Amino acid sequence: MDHIVVSNLTKKFIKKGKRRFLTREKEEILALDHISLRVKKGELFGLLGPNGAGKTTLVKCLATLLIPDEGTAVIDGYDIIEDPISVRKILGITTGGERTLYWKLSARDNLKYFASLYGLSSKEAEERIDYLLNIMDLKEKQHQRLEKYSTGMRQKVSIARAILHDPKIILLDEPTLGLDPSFSMFLRSFIKNELNRKEGKTILLTTHYMEEADQLCDRIAFVNKGKLIVVDTSKNLKRSVSKNEVLEIKCVGNVENLVGFNAYMENKRDYTKVKILHENTEEIMDDVLKIIKEKAKILSVNVKRPTLEDVFIHLTGSELRDDYE
Amino acid sequence: MKMNLRHYLRAINAENIKEWKIELTYRVDFIRGLFEPLFYVLPAILYGMAIVGGRYSENLEKLTGTGNLITYTVIGYVFMGFLETAVWGMGFALRKEQWYGTIEQVFAAPVPRWVYVMGMALHSTMHQGLIIIMQSVVIYFIFGLVLDISGILPSLLIIGIMMISLYGLGILLSSLVLIFKEGWIISEILYSFMIIVTPIAYPLAVLPSILQKISMYMPTTYGISTIRHFLIGESLGFSVFDAVLRLLAIGVLWVIFGLFIFNIVDRRVRNKGELGTY
Ligand SMILES: Nc1ncnc2c1ncn2[C@@H]1O[C@H](COP(=O)(O)OP(=O)(O)OP(=O)(O)O)[C@@H](O)[C@H]1O
Ligand SMILES: [Mg+2]
């Protein structure tokens, strides 16, 4: 059975630009471009894409915070446009961003407030909050205001808030963005082992960390510029390029004369990174290096097995994140 | 359905409690807020006394049937405080959530929007109630007020009915500030306008006739005058029954209009993705 069915979901935004005499420049952004996908019951599904891909927009549409322009989604049988209140009841969500809780209130008071919004009685709420604070290891600081918490601790409270009412389906927008490795590890394991494996929750999470999608998700959807590129398991995605190797060259100078090689080039601050996916890199290595040397200086050469990141580059022509390496 | 009502009432109460908790973390500001209105009412009283040369004004008596300018002005100012509830308390509740960054999380919860509105109304009314009690006590000790005790209960009833309209106004403004960056200007203009056309410190008779006409559409006009009628015997240009009827009619209209605009704004921000932006 499918817990989330997204069909043809489309969302445009108008971005206002500079003001000109009496008019204003307007730019239309297609944040979601006819996206269709299905998430199975009990599945941990990942949306992987770079900045501006449309991940948050998709999550907000599903959470009924945005009304789509076209298409719709059905969540456990309830349509997001026709029956938003029923959808909200069975969804737990964390929208990205740091300030989604009351910083002036303690963790416990935050959770108590949201528990009431989700219809828990005060007895149910107390029990559930105790349980969640324990499991998140926040019991000791539960009465401290969130302004004194670290980012990682606040994110734990955010996730506790999302699952207060024990929802069937959980949407997590970049759950580990900007966290220390220890917190990321804790949360990833919590999401995978506790929520997904043990409690059988259906989870849709967005990320632009390739390893996160790789480690956690049963299936991964690549999104780029509002478009769904491909949906598959990490294994299959990697298999699609498994015969290949990646030739990675760092160099300084002009490498535009490499066009014939289907190379992916990226300008970093101090150097240019060239990546070429090929079945047998040894075969082309000499030629490639020779061409590069014509107009540039080579800093390093590497041959690697392709990662999910390389699959993404191969399919979309863009990299997952700006701060790669 | 019964389950839902329980859930909604709980949510309204939680909203109220949350607002108190946040407010009380700013202690100094909270205390300042309790006493601030005194600084508006005191000059009006003292100015009046200086001009008239005492607390009794023959002219006021001729116009309103009651000549004690202190009680007249104090009652006007104190109860006009409930306009603050609507304009600043409720009007900015959602804007504050935007500013905290919590509005999307809050709106993702399974309660209809009117539940938040009721929660805001409950909190800001209680807050204003506290301010009014503080003011009344202080003024009582400074000037000594003589009121008709038997008028207190009917006055509370009138306040209750007047609040319906003010909640309508609060609902309207709370949504408008979500789409207009400078929403406070709308609030400020409406607020000032209502202050002018409501007989707070002066009787209606002193206003230009056009403003007097407009005044007859303001809930505060009926509210304040009728309260004074019960407490100090101000003579009314209408019957108490008429006042209640008109208050109810204005109340229903304003609430319907407020909810109507609120819904339009809610759709608009969800269409344009403006909800979380501040
Ligand atoms: N409220 C809005 N108004 C105008 N444009 C918007 C709005 N929200 C998003 N956009 C634009 O829509 C596109 C998709 O944004 P979205 O936030 O969904 O991307 P994302 O995949 O979540 O990216 P990130 O990794 O940065 O969080 C971006 O170009 C963004 O600038
Ligand atoms: Mg995002």
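The values are calculated or read from the model by the stated rules, or taken from the named source; none is laboratory data. Remember, predicted model here, so these are calculated numbers, not experimental data. All Cβ positions, glycine included, derive from the backbone under ideal geometry; neighbour counts span all protein chains shown. Surface accessibility is based on the protein's heavy atoms, side chains included, excluding ligands, DNA and RNA. Shrake-Rupley method; radii C 1.70, N 1.55, O 1.52, S 1.80 Å.
DSSP loop trypsin sites (Lys or Arg not before Pro) in the stretch B:176-278 with at most 12 other Cβ atoms within 10 Å of their Cβ, which ones?
B:K181
Can you list residues whose amide H is under 5 Å from A:D79's amide H, if they're 5+ apart or on another chain and H is modeled 1.01 Å from N?
Amide H neighbours of A:D79, under 5 Å, 5+ apart: none.
Please identify the chymotrypsin sites (Phe, Trp or Tyr not before Pro) of the stretch B:1-70 that satisfy two criteria: DSSP loop assignment and at most 15 other Cβ atoms within 10 Å. Which are they?
Loop-located and lightly packed - B:Y26.
Take the Cα radius of gyration of the protein assembly as shown and divide it by 2.2 N^0.38 Å, with N its residue count; two decimals is plenty.
1.25
Would you list B:I149, B:I75 from the most to the least accessible area, probe 1.4 Å?
B:I149, B:I75
So for chain A, considering every pair of alpha-carbon atoms, how many percent are separated by more than 30 Å?
On the way: 23456 of 52650 pairs.
Value for chain A: 45 percent of Cα pairs lie more than 30 Å apart.
Suppose a student asked you for the relative contact order of the stretch B:5-272, using Cα pairs under 8 Å spaced at least 6 residues apart; what percent would you report?
Reported as a whole number, the value is 27 percent.
Hey, what do the phi angles of the stretch A:208-220 turn into as Karplus ³J(HN,Hα) couplings, whole Hz, using 6.51/-1.76/1.60 and θ = phi - 60°, x for Gly and Pro?
10, 8, 4, 4, 5, 4, 4, 5, 8, 8, 5, 9, 10
Using the C-alpha gyration tensor of chain B, what are the square roots of 5 times its eigenvalues, in whole angstrom, with the largest one first?
Semi-axes (√(5λ), whole Å): 35, 20, 18.
Could you check how much of the accessible area of chain A is carbon and sulfur, as a whole percent, using a 1.4 Å probe?
For chain A, the apolar C and S fraction of the accessible surface comes to 47 percent.
Please say if the stretch B:123-171 is rounded, prolate or oblate, where rounded means a/c under 1.5 for a ≥ b ≥ c the square roots of the C-alpha gyration tensor eigenvalues, and otherwise the choice is prolate for a/b larger than b/c and oblate otherwise?
Oblate.
To the nearest whole number, what is the average tally of beta carbon atoms from other chains within 10 Å of the beta carbons of peptide A:103-115?
4
How big is the Kirkwood radius of the stretch A:101-236, worked out from every pair of different alpha carbons and given in Å to one decimal?
By the Kirkwood definition, the hydrodynamic radius is 15.9 Å.
Please give the peptides A:246-252, A:63-69 ranked by average Cβ packing (other Cβ atoms within 10 Å per residue), highest first, as a rough proxy for protection.
The densest-packed peptide leads the list: A:63-69, A:246-252.
Let me know the mean shielding of B:260-270 by other chains, meaning the per-residue number of their Cβ atoms within 10 Å of its Cβ.
Average neighbour count from other chains, rounded to a whole number: 1.
Tell me, what ³J(HN,Hα) does each residue in the stretch B:209-217 have, in order and in whole Hz, if you take phi through Karplus 6.51 cos²θ - 1.76 cosθ + 1.60 with θ = phi - 60° and put x for Gly and Pro?
5, 5, 5, 4, 5, 4, 4, 6, 9
I'd like the distance between the alpha-carbon centres of the stretch B:203-278 and the stretch A:1-52, rounded to an integer number of Å.
Computed from Cα coordinates, the inter-centre distance equals 42 Å.
Under 12 Å Cα-Cα from A:K40, which aspartates and glutamates qualify once same-chain neighbours fewer than 8 residues away are excluded?
Partners found: A:D2, A:D76, A:D218.
Give me the one-decimal nm value for the distance between modelled label points at B:Y56 and B:R6, 7 Å along each residue's Cα-to-Cβ direction.
Label-label distance for B:Y56 and B:R6, simple model: 6.2 nm.
For the protein assembly as shown, with only Lys/Arg (+1) and Asp/Glu (-1) charged at the beta-carbon, what is the dipole magnitude about the Cα centre, in debye rounded to 20?
With only Lys, Arg, Asp and Glu charged at Cβ, the dipole is about 140 debye.
Have a look at the stretch A:1-160 and give its Rg and Dmax from the Cα atoms, expressed in angstrom.
19.0, 60
Give a quick list of GluC sites (Glu not before Pro) in the stretch B:181-278 that DSSP marks as loop, anything other than H, G, I, E or B, with at most 10 other Cβ atoms within 10 Å.
B:E182
Of B:L259, B:I132, B:M163, which is farthest towards the positive pole of the stretch B:5-272's charge dipole, taken about the Cα centre with +1 and -1 on the beta-carbons of Lys, Arg and Asp, Glu respectively?
B:L259
What residues qualify as long-range amide H neighbours of A:D69, i.e. H under 5 Å apart, gap of 5 or more or another chain, H built at 1.01 Å from N?
Counting only residues 5 or more places away or on other chains, the set is A:T10, A:K11, A:K12.
Explain nothing, just compute: Karplus ³J(HN,Hα) = 6.51 cos²θ - 1.76 cosθ + 1.60, θ = phi - 60°, for every residue of the stretch A:158-166 in order, whole Hz, x for Gly and Pro.
Those phi angles translate into 4, 6, 4, 4, 5, 10, 3, 8, 6 Hz.
Hey, got the average number of other protein chain Cβ atoms within 10 angstrom for residues in A:79-88?
2
Let me have the relative contact order for chain A, percent, based on Cα pairs under 8 Å that are six or more residues apart.
19
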